[in-house]
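What follows draws every value from the coordinates through simple rules; no lab data is involved. Fair warning: this is a prediction, and the values are worked out from it, not measured in the lab. Cβ: placed from backbone, ideal geometry, glycine included. Neighbour counts: every protein chain shown.
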Amino acid sequence: MSKAWDTAVIKADANHPDKGRAGVVQGVERNPDGTDKVLTIRLDELPDGSPAKVVNAAPEDVTIHNVN
């Protein structure tokens, strides 16, 4: 289960326009059973100048690194 402030990487093979980018989880919408439904992630700025932005992603498209 994800939580705010966890780090997140959108998987390179995901069907997501921002695949390969990393950021911080800002919010989690949960299913009635408590599993993650939608993650809201603030993606970091890229070295090429691509700006930081906030996106939604399905949990199966994201690798989460839990912050304790």
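Using modelled backbone amide H atoms (1.01 Å from N, in-plane), which distant-in-sequence or interchain residues come within less than 5 Å of Lys53's amide H?
Hits under the 5 Å cutoff: Leu43.
In nanometres, what is the gap between the two model label sites at Ala12 and Asp48, each 7 Å from Cα along Cα-to-Cβ?
Each label point lies 7 Å from its Cα, and together they span 1.5 nm.
Amide H neighbours of Asp18 under 5 Å, counting only residues 5+ apart in sequence or on other chains, H built in-plane at 1.01 Å?
none
Where Lys and Arg each count +1 and Asp and Glu each count -1, what net charge lies around Met1 among other residues with Cβ under 10 Å from its Cβ?
With Lys, Arg at +1 and Asp, Glu at -1, the neighbours total 0.
Please report, for the Cα atoms of the chain, the Rg to one decimal and the Dmax as a whole number; what are they, in angstrom?
Over the chain's Cα set, Rg and Dmax evaluate to 11.5, 40 Å.
Could you pull out which residues in the stretch 25-40 have an amide N less than 16 Å from a spot 7 Å beyond the Cα of Lys3, following the Cα-Cβ vector?
Zone members listed by number: 25-30, 34-36.
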